[in-house]
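Enquirer: One structure follows; several queries about it will come next.
Every number in this text was worked out from the coordinates using simple rules, so none of it is lab data. Since this is a predicted model, take the numbers as computed values, not measurements. In this analysis, Cβ positions are derived from the backbone assuming ideal geometry, glycine residues included, and neighbour counts consider all displayed protein chains.
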């Protein structure tokens, strides 16, 4: 009799554990395929990419000089690496087109004339290229918080 009670009690506990495991497994799988989980993974990858990105200078001026040096060498892949990660592919293509169309010297000339402007907010500087006292274009650089490297945000 006691044996039967223990047998059924064990069976009941086993079923409860199985149901809880099944529910937990379904919740885990649902979470892993959820948009929230995917976004978290994207952010983690982006943080890791920035932490492991060796490109960029310790100052805004250094990054701009490294960018200009890459342009002068004709290395568009290297030049594009000085941009923030989400802009690199776009600029790699744009710079290659500029090189093919023989406009690279114009880029080099314009960017070389850039003067450090002011800090907009901590970790973000503007460079300006001016003609006759008016800004022709602006170069924005930002400091990556994880690596402390400076990257070109826009040109």
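Enquirer: Taking the Cβ of each residue in 128, 63 as the centre, tally the other Cβ atoms inside 10 Å and list the residues starting with the fewest.
Expert: Working: 128 16, 63 24.
So the ranking, lowest neighbour count to highest, is 128, 63.
Enquirer: What does the extension gain come out to for residue 26 and residue 6, with contour length at 0.36 nm per residue minus their alpha carbon separation?
Expert: Numbers: separation 20, 0.36 × 20 = 7.20 nm, distance 2.99 nm.
So the chain would gain 4.2 nm between residue 26 and residue 6.
Enquirer: Using the Cα atoms as the points, what is the convex hull volume per residue of region 2-51 in Å³? Before the final figure, lay out the partial values.
Expert: Details: hull volume 3.4 nm³, N = 50.
That works out to 68 Å³ per residue.
Enquirer: Provide Rg over Rh for region 77-145; use the alpha carbon set for both Rg and the Kirkwood Rh (inverse mean inverse pair distance). Numbers along the way, then the final one.
Expert: Values: Rg = 13.3 Å, Rh = 13.3 Å.
Rg/Rh for region 77-145 comes to 1.00.
Enquirer: Once you compute Rg and the Kirkwood Rh from C-alpha atoms, what is the Rg to Rh ratio for the chain? List each step's numbers first, then the result.
Expert: Numbers: Rg = 27.4 Å, Rh = 19.3 Å.
So for the chain, dividing Rg by the Kirkwood Rh gives 1.42.
Enquirer: Here's something else I'd like to know. Given the -39500 (n - 2.57) contribution per DSSP H run of 4+ residues, what per-residue ellipticity at 222 nm results for the chain, rounded to the nearest 500 deg cm²/dmol? Present the calculation step by step, with values, prior to reporting the outcome.
Expert: On the way: 6 runs with 89 residues, N = 155.
About -19000 deg cm²/dmol.
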